[in-house]
Amino acid sequence: MLMPYPWQLKQWEQVRLAADRNMLAHALLLSGAEGSGLGQFALELSRYLLCETPEHGAACEQCRSCILFDAGNHPDIRLINPEDNSSQIKVDAIRDVIAYLQLSNQYGRRKIAVIEPAEGMNRHSANSLLKTLEEPALSTLLILVSYQPARLPVTIRSRCRLISFNRTDPQSASEWLRKRINNPAHTNDLLELAGHAPLRALDLDETDALQNREEMLEDLQEAVLPHADPVRIAEKWQKNDATEVMNRLLFLFSRMAALRATEAGKSTRQSNFDVNLNRIASELHLSQLIDCYDLSLKNYHFLTGETNLNKQSLLEEVIVHWQSIHRGKSADGADGRR
């Protein structure tokens, strides 16, 4: 019997009970961090809703519907994702799913469409979907999976029932991850680096992520030395995925800010990485670290959004700002702008 991940049980019960009482909204917006299993939740919910004989709050896995679902051949569910080599869900794909939802469901229960990521819809796609959200066909369900719901038009968000996964239960996520990674001692570090998204943390365990964060911290230390070249450092970072680099900068600045705010440098954790973080955090004001975090977050949104900006320039901007606060200058310029 399949179930959602342990950190999703609260949301699962919320949606399942609504479905069992025939009170499920016609459109759901699943919102949370990438790597927290939202897509899997949407699929498991779809399997449950289409199952002919659900039992104990889960799909039976044995009926005709479950067998078709597992084979990827169920006629009453449609998955919509960006086309290959694209981050956008185009209007033709949305028009196709609208036409599909107008057809009669074949097994007499409901028709389901899952759109992931929903923020991949461009303006034309979102506008096309709006009428279906306003006037849904009978026995249909739209599930929008979004990792950046703020990018969705308000008209879309307001017509969906929000199911939030914004804060993963730390204990259940930690226990789940600890059983699956190569070194259980890295559980908390991987979760923190992954923004507390357990599936992303599991993926990071198969990479050099922990080593790379230490190398990036060394690069930040090098950047404040006399004659350090921000262009060279940015070029080095650019060899990796720029979005991932910015995400790790967010981790570093967030953790340093937390250390500075709580004076956690007195902690008994004594790895070289933590010692260096504690020392750097103690040398700066909390407001300076928060400012670095805010700039990195802004540039992260640029990297993950539709704006096509130069990736290396966004990395260089963070490095230059980091240099400026160590050299006692303002990165904002004379007129107060960044």
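The values are calculated or read from the model by the stated rules, or taken from the named source; none is laboratory data. Predicted model, so just to flag it, every value in this text is computed and none were measured. Note that each Cβ is placed from the backbone with ideal geometry, even for glycine, and that neighbours are counted across all protein chains shown. The protein model used for the area step is the full one, side chains on, heavy atoms only, and it has no ligands, DNA or RNA in it. Shrake-Rupley method; radii C 1.70, N 1.55, O 1.52, S 1.80 Å.
Below are the figures for this structure:
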item	result
Extended-chain gain in nm, criterion 0.36 nm per residue less alpha-carbon gap, GLN40 and ALA18	6.0 nm
Cα pair distances of region 1-158 binned at 10 Å [whole percent]	11, 41, 38, 11, 0
Packing-based ranking, highest mean first, of 135-143, 24-32 given that Cβ atoms within 10 Å are counted	24-32, 135-143
Solvent exposure, largest accessible area first (probe 1.4 Å, DNA, RNA and ligands not counted), of LYS10, LYS131	LYS10, LYS131
For THR53, solvent-accessible area (1.4 Å; no DNA, RNA or ligand), Å²	80
Computed [θ] at 222 nm, deg cm²/dmol, the chain (DSSP H ≥ 4; -39,500 (n - 2.57); rounded to nearest 500)	-16000 deg cm²/dmol
Cross-link table LYS111/LYS131; LYS10/LYS131; LYS90/LYS131; LYS10/LYS298, entries beyond 21 Å C-alpha to C-alpha	LYS10/LYS131; LYS10/LYS298
Apportionment of accessible area to carbon and sulfur, the chain, percent (1.4 Å)	47
Solvent-accessible heavy-atom area per residue, rounded to whole Å², over region 143-194 at 1.4 Å	53
Residue-level accessible surface for SER174, protein heavy atoms, 1.4 Å, Å²	10
5 angstrom amide H check on ARG78, placed H, neighbours 5+ away	ILE112, ALA113, VAL114
Probe 1.4 Å - accessible area at ARG109, Å² to nearest ten	100
Cβ charges +1 (Lys, Arg) and -1 (Asp, Glu), total dipole of the chain, debye	900
Neighbourhood charge, 11 Å Cβ-Cβ cut-off, centred on TYR107 and excluding it, Lys, Arg +1 and Asp, Glu -1	+2
Computed over region 172-260: relative contact order in percent, which uses C-alpha pairs under 8 Å that are six or more apart	22
Environment charge at ALA27 (Cβ cut-off 9 Å; Lys +1, Arg +1, Asp -1, Glu -1)	+2
